[in-house]
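Novice: Sharing a structure below in structure tokens format, with a few things to ask.
The values are calculated or read from the model by the stated rules, or taken from the named source; none is laboratory data. Here the structure is a predicted model, which means the values were calculated and not measured. Here Cβ is always computed from backbone atoms with ideal geometry, including for glycine, and neighbour counts include all displayed protein chains. Remember, those area values only see protein heavy atoms, side chains included, never the ligands or the DNA or RNA. Shrake-Rupley method; radii C 1.70, N 1.55, O 1.52, S 1.80 Å.
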Amino acid sequence: DGGITQSPKYLFRKEGQNVTLSCEQNLNHDAMYWYRQDPGQGLRLIYYSQIVNDFQKGDIAEGYSVSREKKESFPLTVTSAQKNPTAFYLCASSGPRLGNEQFFGPGTRLTVL
Amino acid sequence: GQSLEQPSEVTAVEGAIVQINCTYQTSGFYGLSWYQQHDGGAPTFLSYNGLDGLEETGRFSSFLSRSDSYGYLLLQELQMKDSASYFCAVRGNSGNTPLVFGKGTRLSVIA
């Protein structure tokens, strides 16, 4: 089955700790994205990557970092510099054609204690 | 940049029809998409309009007017399982630039 996997589903961390969220896709998509969603809010873009070894900041990149060493993988690190990291994090990927939908992973709910 | 406006909440009766509107402002325009998200779940794609007019997929239809920077999602024969949040989204400059999402409309279907 083709799709996007994110792990873990729920993640708890102590304040001040860095944490890395996993995102893997087997859809052969070049583009991958990370979004953050807070309760009752839309999706805000953190980082995106259109090709391996390249990525761009989104609207709320501060306190986050990413890497794109493989086409299939786009991990997100939430650093201690992120002031309010508790949120629902969604990874997505898309193909090259206009109108191609973005496929989303199931999300990781991060709670910082 | 891009910005989208949609109502925050809509309530409708089971079996009825509901329309969720979306107005947008973009520097470029490469189509309007709609996504559905149930509580705790991931957004799933519903429809895409690249050109003006109506696109129909089963009980769901989506409309676009580029001259008015306006679109809507129409849900017919509402079912309880349609209770969810619905997001409109636009791409800015090309097919691989990220979608920019509205804040979503929470639809509650009541009996």
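Novice: Residue under question is A:Gly40, and the condition is that it be over 15 Å from the mean Cα position of the chain (by Cα), closer than 28 Å to B:Val10 by Cα and surrounded by fewer than 18 Cβ atoms within 10 Å (Cβ to Cβ); does it hold?
Specialist: Numbers: over 15 Å from the mean Cα position of the chain (by Cα): yes; closer than 28 Å to B:Val10 by Cα: yes; surrounded by fewer than 18 Cβ atoms within 10 Å (Cβ to Cβ): yes.
So A:Gly40 fits the description; yes.
Novice: Of the numbered conditions (1) within 14 Å of chain A (Cβ to nearest Cβ); (2) farther than 24 Å from A:Gly58 by Cβ; (3) open to solvent by 20 Å² or more (accessible area, probe 1.4 Å), B:Glu77 fails exactly one; give the number of that condition.
Specialist: (1)
Novice: May I pose another question? Does B:Ser67 satisfy the condition of being polar (S, T, N, Q) and either assigned to a strand (DSSP E or B) or in contact (Cβ under 8 Å) with a residue 60 or more places away in the chain (or both)?
Specialist: Details: polar (S, T, N, Q): yes; either assigned to a strand (DSSP E or B) or in contact (Cβ under 8 Å) with a residue 60 or more places away in the chain (or both): no.
No: the conditions fail for B:Ser67.
Novice: State whether the residues of region A:7-24 include one that is open to solvent by less than 80 Å² (accessible area, probe 1.4 Å), within 14 Å of chain B (Cβ to nearest Cβ) and under 24 Å from B:Thr105 (Cβ atoms).
Specialist: no
Novice: In region B:7-53, what residues are farther than 15 Å from B:Gln79 by Cα, open to solvent by 50 Å² or more (accessible area, probe 1.4 Å) and either assigned to a strand (DSSP E or B) or among the polar types (S, T, N, Q) (or both)?
Specialist: Within region B:7-53, B:Ser8, B:Glu9, B:Asn21, B:Thr23, B:Gln25, B:Ser27, B:Thr44, B:Phe45, B:Tyr48 qualify.
Novice: Considering region B:80-103 alone, what residues qualify as being at pLDDT 95 or above, surrounded by 19 or more Cβ atoms within 10 Å (Cβ to Cβ) and not in a strand (DSSP E or B)?
Specialist: Passing the criteria: only B:Asp82.
Novice: Separate question: Within region A:76-83, is even one residue among the hydroxyl-bearing types (Ser, Thr, Tyr), modelled with pLDDT under 90 and either in a loop (DSSP other than H, G, I, E, B) or open to solvent by 40 Å² or more (accessible area, probe 1.4 Å) (or both)?
Specialist: yes
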